[in-house]
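The values are calculated or read from the model by the stated rules, or taken from the named source; none is laboratory data. None of the values given here were measured: they were computed from a predicted structure. Every residue, glycine among them, receives a Cβ derived from its backbone with ideal geometry; neighbour counts consider all protein chains shown. These area figures cover heavy atoms from the full protein model, side chains too; ligands, DNA and RNA do not enter into them. Shrake-Rupley method; radii C 1.70, N 1.55, O 1.52, S 1.80 Å.
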Amino acid sequence: MRERLPGERRGLGRWLVYGSLLLSVLFFALPAWFALVNAFKPLADLQAGNVLGLPSQWTLEPWVEAWSTACTGASTCGGLSRYFIDSLLVVVPATVISTLWGCFNGYVLAKWRFRGVDQVLFLLMFGIFMPAALFVFPLSVVFSQLNLSHSLVGLVLVHTLYSVPVALYFRNYFVGFPGELIKAARIDGAGLWVIFWRVVLPTAKPILVVVGIMQFTAIWNDFIFALVLAPSDQQLVTVGLNNLTNVQEDVPRYNTYMAAAVIAGAPTLVLYILAGKYFVRGLTAGAVKG
């Protein structure tokens, strides 16, 4: 019987690792390839069975239709453009406000000890696991009472409040912040806000980038709050995509659906492309740690 050579077992393990990594890449890459390549095909190409191959004829017609003329169940067929802009009106302010607010709360929890801080930490940790569906109907009643159901301001407020637990990421990051710097600033007469704005915040770029990207992605992809709490004439892009694919037509226009899906996912993809290296640096610098 042949004896196992040194390193042979390790080589088999290495190939198993490569194989599992390749499967993971395919799991995420195939749907993206499927959506992207079919968005450039004429509908007849798809109906002929060319699903995974390159287009026999490249066309931008599905993109134009998805953006500006596709029907989504509204009174006029205007595509996803209006939904896309409404999403930006919610996501940008909600991401900026919730990230900065979480940063300040995390700093207070890490460096300004007060009675009940452990209970606050427990509640924040508990809040991370609270499902959004639990809040939807109580919030719809509150929206109605406060007359917030006719604008996107209420949705920005909801995402900001729902993101309060992100303070835990900042709290864990600021635990290692040198207390001597804060003491020196206090001796110079600086207060809570001045210390946070001028001393602490400039050092928090890694965690700000990490949490900012996470917040943008989570709020952009939100469906349940957007479906229930957004005004009927200012729905967001996730709802528009759902409406587009649910509109009954004699012949489903799958190439338009694929173009719409890519358009809906483009902002988060672009964000990762532009800021991905800062995201990785933030993670490797310990921005998110237990």
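Before moving on, here are some points about what is shown:
- Scanning the stretch 66-77 for residues that are open to solvent by 30 Å² or more (accessible area, probe 1.4 Å) and aliphatic (A, V, I, L, M) yields one hit, 74.
- Residue list for the stretch 239-254, filter: open to solvent by 40 Å² or more (accessible area, probe 1.4 Å) and under 23 Å from the mean Cα position of the chain (by Cα): 241, 242, 243, 245
- Being in contact (Cβ under 8 Å) with a residue 12 or more places away in the chain, closer than 24 Å to residue 233 by Cβ, surrounded by 14 or more Cβ atoms within 10 Å (Cβ to Cβ) and among the hydrophobic types (A, V, I, L, M, F, W, C) holds for only one residue in 80, 121, and it is 80.
- Restricting the stretch 166-223 to residues that are under 30 Å from the mean Cα position of the chain (by Cα) and among the small types (Gly, Ala, Ser), the residue that is nearest to residue 280 (Cα to Cα): 212
- Close Cβ contacts (under 6 Å, 6 or more residues apart or on different chains) running from residues in the stretch 267-280 that are within 18 Å of residue 169 (Cβ to Cβ) and open to solvent by 70 Å² or more (accessible area, probe 1.4 Å) to residues that are at pLDDT 80 or above and not polar (S, T, N, Q) comprise 278/209.
- Within the stretch 161-183, being of a type in the set (Gly, Ala, Ser) and either within 26 Å of residue 218 (Cα to Cα) or at pLDDT 90 or above (or both) holds for 163, 167.
- Test: residue 141 is over 20 Å from residue 212 (Cα atoms), at pLDDT 85 or above and not hydroxyl-bearing (Ser, Thr, Tyr): yes
- Of the residues making up the stretch 103-117, none is open to solvent by 70 Å² or more (accessible area, probe 1.4 Å) and part of a helix (DSSP H, G or I).
- Tally, over the stretch 43-57, of residues that are of a type outside the set (S, T, N, Q) and either touching a Pro at 6+ places or on another chain (Cβ under 9 Å) or surrounded by 14 or more Cβ atoms within 10 Å (Cβ to Cβ) (or both): 4
- With respect to the stated conditions, residue 63 is among the hydrophobic types (A, V, I, L, M, F, W, C) and buried (at least 16 other Cβ atoms within 10 Å of the Cβ).
- Residue count for the stretch 60-70 satisfying the condition of being in contact (Cβ under 8 Å) with a residue 40 or more places away in the chain and either in contact with a Pro (Cβ under 7 Å, 6 or more places away or on another chain) or not charged (D, E, K, R) (or both): 5.
- The listed residue being in a helix (DSSP H, G or I) and closer than 30 Å to residue 204 by Cα, out of 36, 100, 26: 100
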